[in-house]
1. Quick check, is Lys71 without any contact (Cβ under 8 Å) to a residue 60 or more places away in the chain and farther than 22 Å from Arg134 by Cβ?
2. Taking the range 48-59 on its own, how many of its residues are assigned to a helix (DSSP H, G or I) and without any contact (Cβ under 8 Å) to a residue 24 or more places away in the chain?
3. Scan the range 1-47 residue by residue and report those that are under 16 Å from the mean Cα position of the chain (by Cα), loosely packed, with under 12 Cβ neighbours inside 10 Å and assigned to a helix (DSSP H, G or I).
4. Against the definition (among the hydrophobic types (A, V, I, L, M, F, W, C), under 30 Å from Asp114 (Cβ atoms), surrounded by 12 or more Cβ atoms within 10 Å (Cβ to Cβ) and within 18 Å of the chain's Cα centre (by Cα)), how does Phe81 come out, yes or no?
5. Any residue that is surrounded by 12 or more Cβ atoms within 10 Å (Cβ to Cβ), touching an Asp or Glu at 6+ places or on another chain (Cβ under 8 Å) and within 20 Å of Pro35 (Cβ to Cβ) - is there at least one of those in the range 126-142?
6. What about Lys61, is it closer than 21 Å to Ile30 by Cα and basic (Lys, Arg)?
Amino acid sequence: MRRTELITAYPDAKVTLSMRDTDSWYNGMIQTVVPMQRSKVLDCFQPCDSVVLGHFIPMMKILWSAWLEGKELEQIGKQKFRAQYELVRTMVSKETLLKYKVGEGWERLCEFLDVPVPDYDFPLANEQEAFGDRFQVMIGMAVQRCLIKSCRFWEALSLWV
C-alpha cells in the first residue's frame, strides 16, 4: 500500500514523520544510491546473483524510476522529496502526527506512541556513512557469490573438456 492509502484506511493512526533536511537527503542519495543505480559493473554481475543483484537492485530501479516519474534525481529529486513531506502533513491531523528528527532520541517518540522509553541508546544505523558501508559489504558479498559461481563453472568445464 502507498502512504496515501494507508493514511486514508487508518485515519486515527499515529504517524511519525521522520524529518530530514532536503539537501542532506539529496547529497546522501547522490553519494550512495545513485552510483549503485548507474553502475555498469553491477549490471554485469546481475545475472549470476539471484539474492541481491538479481532481485533487490532491479526492484529498487523500478521503484525509483516510478517515484521520479522516469526522470533523473538531479532533475526533480528535491521537489519530490518535499512533496512527500507536504502530502503527509496535509493528510494527517496534528493530533496524530509527530514530526520527528532521528537524532532526538527516544523520549518524544515514546511519549507520542505511549510506550516506555527503552534503557538502551537510540540506534543511528542509517547515517550516510554507515549506510554506504553496509551497502558496500552487501555488494561485495554479491560479487563474491558471482565469482564463486564462475569458478565452479570453469572448473566443471575443464573437467568435461
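1. Considered against the rule, which asks whether it is without any contact (Cβ under 8 Å) to a residue 60 or more places away in the chain and farther than 22 Å from Arg134 by Cβ, Lys71 comes out as yes.
2. Residues in the range 48-59 being assigned to a helix (DSSP H, G or I) and without any contact (Cβ under 8 Å) to a residue 24 or more places away in the chain: 6 in total.
3. Ser24
4. Answer is yes for this residue.
5. yes
6. Working: closer than 21 Å to Ile30 by Cα: yes; basic (Lys, Arg): yes.
Here the answer is yes, as Lys61 does meet what is asked.
Computed from the coordinates by the stated procedures, all read-outs in this text should not be read as laboratory data. Because the structure is a prediction, the values reported are computed rather than measured. Note: ideal-geometry Cβ built from the backbone for every residue, glycine included; neighbour counts use all protein chains shown.
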